[in-house]
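Taking it in order: structure first as structure tokens, then the write-up.
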Amino acid sequence: MFPAERTIRIVDHPEPRLEADTDVLVEMLDVGVCGTDREIARFEYGSPPPGSPCLVIGHESLARVLKVGPAVTRVKLGDLVVNMVRRPCGHPECRACSRNRQDFCFTGDFTERGIKGRHGFMTDRVVDDQRFMLVVPGHLREIGVLVEPLTIAEKALIQVWDVQERLPWTAAGVPAGSGHGERAMVLGAGPVGLLGALALLVRGFDTWVYSLESLDDPKARWVESVGAHFVSAATTTLAKAAGLIGNVDLIYEATGAAGVAFHALAVLGMNGVFVFTGVPGSRGPIELDAGELMRNLVLENQLVFGTVNAGADAFQAAADDLARFHARWPQQLGELITCRYAPEEAPALLTSPASGIKSVVSFAEVG
Ligand code: BGC
Ligand code: ZN
């Protein structure tokens, strides 16, 4: 992505080399494309590394280890790995980055591979320090590229559990992720929403996906086939959806649309938590009853939070959950990757409107 020229094209890029003793060289297998990549391809977001005219795009990766430095202990040749996205800001006073929690960076000077100030993964070979790599079980080769988009839900749910420990019956002994969830509503049926729905289902939530598609849309049928409920925004208002659900304990927003999100906030239930994950474009003001929202927040002990990026704990949780999903829904999990493209097709893919569920650029044959 060349912002000054406003072009997206394939270039011959110098091959990265092992420099530090803990560096690892990987061969890229799959790179997923998301809304952030499309924004970068429209030159609305993202920035090249300092001094570089271009940014190598791509932050949802799956790769295989080709070569390791002499001090590498955490990965070995042939391992399947996912590279993490965000890198610390390097300011010693940043309490987050200095504890390897750059997903909570205070200064804003963090970098993100393929997004902000650091080259990404849509390239044959990548070098990274071992601490930014997560090993994924070999049998997840076909779907391992879904780890990064799943980390959004994992980080969100880690925080939801922390928050709900405030409720005495939640804190009383039941470990996180073991099926003590109640009723959850997912807004949006894109990859972040659908992966979030699976994460909620394996935690025992009665899970309802509310999205624009009609009931006979393949996404709606997919949602029903994994054991969640689909409610179409085309025919059902949020108030009516909430009536079907009962007390809405959790709303997981994955639309990036402020209108839907804030209207959904009005149907959040008693002691409920609302999680924002979408990043809206600037589409001007919307009208809403702020007094009603404020009244509910106070009188119903509600909590609203936003979440971005993910730490190593969420990456590990995503790999573990993906294995769980694979065992429970092998067919449906594969169906989330609706199309694979050759690297030569990537510029056209990035600049055309999103279609299907998850599009992946493949650098190697699967299988
Ligand atoms: C990525 C995150 C990143 C965020 C903001 C998302 O698409 O998944 O890792 O922090 O964009 O740049
Ligand atoms: Zn920082």
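The values are calculated or read from the model by the stated rules, or taken from the named source; none is laboratory data. This one's a predicted model, so the numbers in the text were calculated from it and none came from an experiment. Here the Cβ positions follow ideal geometry from the backbone for every residue, glycine too, while neighbour counts run over all protein chains shown.
A few comments on the model shown:
- Residue count for region 200-235 satisfying the condition of being touching a Lys or Arg at 6+ places or on another chain (Cβ under 9 Å) and either among the aromatic types (Phe, Trp, Tyr) or part of a helix (DSSP H, G or I) (or both): 5.
- Residues that are out of contact with any Leu (no Cβ under 7 Å at 6 or more places or on another chain) and closer than 22 Å to residue 289 by Cα, drawn from region 223-245: 236, 237, 238, 239, 240, 241, 242, 243
- Whichever residue in region 260-312 is aromatic (Phe, Trp, Tyr) and more than 16 Å from ligand 1 (Cβ to nearest atom) and, among such residues, is surrounded by the most Cβ atoms within 10 Å (Cβ to Cβ): 274
- Of all the listed residues (287, 224, 213, 253), the sole one being without any contact (Cβ under 8 Å) to a residue 24 or more places away in the chain and in contact with a strand residue (DSSP E or B) (Cβ under 7 Å, 6 or more places away or on another chain) is 224.
- Region 304-320, residues that are under 13 Å from the mean Cα position of the chain (by Cα), part of a helix (DSSP H, G or I) and not aliphatic (A, V, I, L, M): 315
- Residues located in region 92-110, provided they are free of Cβ contacts under 8 Å to residues at least 60 places away in the same chain and either β-branched (Val, Ile, Thr) or within 26 Å of residue 17 (Cα to Cα) (or both): 97, 107, 109, 110
- Lone qualifier among 270, 294 - being free of Cβ contacts under 8 Å to residues at least 12 places away in the same chain and of a type in the set (A, V, I, L, M, F, W, C): 294
For every residue, the table says whether it meets (1) loosely packed, with under 14 Cβ neighbours inside 10 Å; (2) of a type in the set (S, T, N, Q); (3) modelled with pLDDT under 95; (4) part of a helix (DSSP H, G or I).
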position	(1), (2), (3), (4)
322	no, no, no, yes
331	yes, yes, no, yes
350	no, no, no, yes
355	yes, yes, yes, no
359	no, yes, no, no
367	yes, no, yes, no
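- The residue that is nearest to ligand 2 (Cβ to nearest atom), counting only those in region 91-148 that are of a type in the set (Asp, Glu) and closer than 15 Å to residue 30 by Cα, is 148.
- The condition of being in contact with a helix residue (DSSP H, G or I) (Cβ under 6 Å, 6 or more places away or on another chain) and at negative phi holds for only one of 267, 304, that being 267.
- Among the residues of region 243-297, the ones that are closer than 28 Å to residue 354 by Cβ and of a type in the set (S, T, N, Q) come to 3 in all.
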